[in-house]
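One structure is given below, encoded as structure tokens.
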Amino acid sequence: MVFMVHDDIRQRIEEREESLSPYAMKSRLSQGRLKPEEPCPMRTAFQRDRDRIIHSKAFRRLKHKTQVFIAPLGDHYVTRLTHTLEVSQIARSIARALNLNEDLDEAISLGHDLGHTPFGHVGEEVLNNLFPEGFRHNEQSRRVVDILEKDGQGLNLTWEVREGILRHAKTGVDILGEDWGEVGTLEGQVCKIADIIAYVNHDIGDAVRAGIISDGDLPRQAVAVLGRSHSERINTLVSDVIDFSWAATGAARCGRPVISMSPEVLEAAEMLRQFVFERVYNKVAGDQAERAREVISVLYEYFVENEEKLPEEYSRRDDSVERKAVDYIAGMTDNYALRMAEEVARGVDFLR
């Protein structure tokens, strides 16, 4: 059976994008890709990027990378994959309400954590200390889509998605910090703030589930503003972002709008985030960091000294052995890294 695809589907979708906010990023106005290619007849450039990310190996591995806890036994702990889906859902809801480009937000959200290490932020910290050039997961995420995927060919994504992935991360000091550069599109700003909303709330749920904190431990002032339950807090934060950022819809021209929160809600969100850092992240780091540090250190030292043990696709690249080792380790899932470190310690030739 032969299926006919009309070659004007993409054009019709692009025409519908003209009804988006004047501040929205239209796919036909994209700055393009690293390597020029013919447009898809059915999908816009950002829809194509979304699909390439979903079908990538790095995206599949997110289901076995944990967010905060190292290889937890419970089935209901957040993984990098479920976090990514939550960020995507929140970002799309905000983008839809503000009449921004939902496809662009979806693509950025789905790709923003592709370069995250095993063992969550503890793993990132350890690799940053080991690797002379330093390590940041947002930079690694863009490296994944530019270089590492498809055996070194990369996914050849659009500039807007790549920039949103690179600039999604925040400083650990300021909830909306711009330490790593301001995001050029409003859709990228939406993803950045959606990431905060997602991780602060689901990491509280994981910490309660693990017995580290209870709901009653949450700062009263923050709870009074944001709500007592997970759903109440998400609803308050998303609604506030939409209300405070309403100028992004183009309803009133007042210069370049920004995506942010009202002062009261921002203060409460910052209070909650600081609580999570002090009572959850630092607690987990204290209990589990040594285990993660030992695993990653063993693997890093082993592959730097035994470059021939790296998979073939890494050995073909013209990079330093340290860079190759970091790329390989950062792509590992929690359990794979644990298992490989054990085999290295026992002297097992796991690649034979």
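Read-outs throughout are calculated quantities, based only on the coordinates presented, and are distinct from any laboratory measurement. These numbers were taken from a predicted model, which means no experiment stands behind them. Cβ atoms come from the backbone with ideal geometry, glycine included; neighbour counts cover every protein chain shown.
Brief remarks on what is shown
- Shape category assigned to the stretch 249-352 from the gyration tensor of Cα positions, a/c cut at 1.5: oblate
- Cβ-Cβ FRET estimate between Glu139 and His6, R0 fixed at 51 Å, reported to 0.05: 0.80
- In this rough spin-label picture, where each label sits 7 Å from Cα along the Cβ direction, the Tyr336-Asp151 distance is 1.7 nm.
- Oblate is the label for the stretch 85-236. Its Cα gyration tensor axes, ordered a ≥ b ≥ c, give a/c of at least 1.5 and b/c at or above a/b.
- Modelled label reach - Asn306, point 7 Å along Cα→Cβ, the stretch 317-341 residues with backbone N closer than 18 Å: 321-330, 332, 336-341
- Computed label-point distance, nm, for sites Gln221 and Ile13 using a 7 Å Cα→Cβ extension: 4.6 nm
- One decimal place: the segment Glu232-Glu38 gains 65.3 nm when fully extended, by the rule 0.36 nm per residue minus the C-alpha distance.
- Length gained on full extension, Thr82 to Lys63: 6.1 nm, using 0.36 nm per residue less the C-alpha separation.
- Karplus-derived 3J(HN,Hα) values for the stretch 9-21, using 6.51 cos²θ - 1.76 cosθ + 1.60 with θ = phi - 60°, are 5, 4, 4, 5, 5, 5, 5, 5, 5, 5, 7, 5, 3 Hz; glycine and proline are entered as x.
- Separation of the Phe277 and Asn128 label points, Cα + 7 Å toward Cβ, nm: 1.1 nm
- Computed Rg/Rh of the chain, alpha carbon atoms with Kirkwood Rh: 0.99
- Pairs from the list Lys57/Lys150; Lys35/Lys150; Lys26/Lys150; Lys150/Lys324 with a Cα-Cα gap above 19 Å: Lys26/Lys150.
- Going by neighbour counts of Cβ atoms within 10 Å, the residues His230, His55 line up, fewest first, as His55, His230.
- Summing Lys and Arg as +1 and Asp and Glu as -1 over all other residues whose Cβ lies under 14 Å from the Cβ of Arg16 gives a net charge of -1.
- Note on the chain: dipole from Cβ charges, positive end direction compared against Thr44, Val87, His230; the farthest Cα belongs to Thr44.
- Extension gain for the segment Val298 to Glu343, taken as residue separation times 0.36 nm less the Cα-Cα distance, is 15.2 nm to one decimal.
- When only the Cβ of Lys, Arg, Asp and Glu is charged (+1, +1, -1, -1), the dipole of the chain relative to its Cα centre reaches about 580 debye.
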